[in-house]
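Structure, as structure tokens:
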Amino acid sequence: MNIRVPNKTLMGPREGRRASEARNARRRVAGTTRDERDAASRRPPAFARRDEAGQALRGVRSLEQRTTLPCGPFLAVHPAWLHRGLVGVLLGTLSPIQFAGLALLLLTATAFAGPPVKPTESSAPEGIQVPKPPFSEGIFPCSSCHDGKSMKVDTRRRELGMHAEIQEILHHGPNRWCLDCHDAQNRDRLHLASGEPVAFTASYLLCGQCHGDKLRDWRVGIHGKRTGSWNGQKQYLLCVNCHNPHSPHFKPLKPMPPPTRPEYIKMAKGGVR
Amino acid sequence: MTDLRPTQPPAGDPETPACGSRREFLGTAVATVAMALTGCGQVSKEEFLQHNFRELSKDELKTIIARLEHEYEEKYHKAVKVGNEPPLPGVIFGYALDLSRCIGCRRCVHACVKENNQSRDPQIQWIRVLQMDKEEGVDIQHAEQYYNPEEVPQESHFYMPVQCQQCKRPPCVKVCPVGATWKEKDGIVVVDYNWCIGCRYCMAACPYGARHFNWGEPHIDSADVNPVTHYLGNRPRPKGVVEKCTFCIQRTRKGLYPACVEICPTGSRKFGNLLDAKSEIRQVLESKRVFKFKEDLNTQPTFFYFYGV
């Protein structure tokens, strides 16, 4: 019979010394041991986290992983600070003047704070640097026409009076319809099959719903094109930079001139053979 | 680098040297006699007495680079910078090419020519794109490099660009009788154009046809010269030496991608550090079907071909 031993004691008495050391080592890497936390709460977080930000340039770093609250470019507020401040007041270790200073600091921080995450034009939510999507001239923002007032939202499948250039070439699997990808409520966004809105700069999430293998390869740099620096900042091209989303097959190109056949290579002046 | 062509009679005594020491006197005397015998009046005394790149001291290299930059400026009427960036520590370069995506558009060939100051006339190109039959697979017997249709890719064909494979056991280095070519620490096989004697043994030894010889005086319009160069890479070459792909040594040692990677419209070309587990090249090697070209020759290329689909 299989007896399952509940594994709820993290610091169990039967745990060997080496195991606990290994666990501590793991925690140390994650920066979550008690010493680490204390140290983190003591040092100014804006500087403490800078080295990590440098590392984050390379890879994908999701929002959940952020440990500083996003408060604009001038100040990063570490949660431990808030905690310290409140506890300090409660325990009476902070003088009222100190507390006022702290409060002022926090107010300034919130004044500079933008919306929680404000990706710049060229950066997608995952921290991946992407160029602007290749919109046709003057077509974006879509809401300049599709504002929901002058044009009523009509979700029925139909031949459109507009966007003939897209309807003509639309060739992306069978039974495709604009609102499969474009969001009816906010035309400046796309949406996933789940209805979750997606910015145009993160359209790869949309493509990845069906082409998951390509998205997986694109994330690690196998599919698609990267430019910039092989050991530093890279620019990723979006799916739509190479594949027209309405007709995604890669278009044939005219080849550059072939090499000259050796028999036709002229010797430059002074050449001998 | 001697030129055996008896063009002009030796231009008399080169500038009379300041014979400070016995060593200098002998050096100059030998150089004068050698130049008189071989008839190469175009090579300066300094160039004639120059050592192999790997034996140069820092000061010697500095003066040589200054001399080269001066020569290039006179020739092309613009400032040409000759760098000598050393290999980056902890880096071995690797390259992978996606055969399932390459469409044979030859953008890489021409970007390479431009970046690496290859002679336009007589024409030298470091990358050769082979058009192959899908039915035959990778088979050199059925390869065509002069294809020129209206549009690529063509039906039932695939394309295989071939350039220097930067072998781990390079046969070209093994056969060089003078040690003018060698493998750098970061895996790039380089040529010292000032030490090469033009015997072309390396060309015979290379199974990939990746080495090219300057049969004539290379010609590049001064407007087309790329002024950012490397001593072992894309600096303008003299006549009578062998040259080859260096993974754009002048770019990659500064952290940039090679020119062919930057230009490829299909993103078929992948480049990175083989020692970095997160690099694109390692991801390719770990998760895709990869092969080495002419693997049976045991040259152990650091250039890989793979199928991305």
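No lab work stands behind these numbers, since they all come straight from the coordinates. Note that the structure is predicted; figures quoted are calculated from it, not measured. All Cβ positions, glycine included, derive from the backbone under ideal geometry; neighbour counts span all protein chains shown.
Some notes on this structure:
- Total formal charge among the other residues, if their Cβ is under 15 angstrom from that of A:His211, Lys/Arg +1 and Asp/Glu -1: +2
- MRE, 222 nm, helices only [DSSP H, n ≥ 4, -39500 (n - 2.57), over chain B, to nearest 500]: -7000 deg cm²/dmol
- Angle in degrees between helix B:22-38 and the longest Cα principal axis of chain B, rounded to the nearest 10: 70 degrees
- The count of lysine pairs in the stretch B:117-221 whose Cα atoms are under 26 Å apart, excluding pairs fewer than 8 places apart on the same chain, comes to 4.
- Counting neighbouring Cβ atoms within 10 Å and putting the fewest first, the residues B:Phe247, B:Phe306, B:Phe291 line up as B:Phe291, B:Phe306, B:Phe247.
- Neighbour counts of C-beta atoms inside 10 Å place B:Asp133, A:Asp147 in the sequence A:Asp147, B:Asp133, starting with the fewest.
- Folded to 0 to 90 degrees: helix B:58-76 orientation relative to chain B principal axis, Cα: 80 degrees
- Of the residues B:Arg251, B:Arg106, A:Arg216, the one with the fewest other Cβ atoms within 10 Å heads the list, and the complete ranking is A:Arg216, B:Arg251, B:Arg106.
- Lysines whose Cα lies under 21 Å from that of A:Lys132, excluding same-chain neighbours fewer than 8 positions away: A:Lys118, A:Lys214, A:Lys225, A:Lys234, A:Lys251
- Label-point separation, A:His172 to B:Phe291 (7 Å along Cα→Cβ), nm: 3.5 nm
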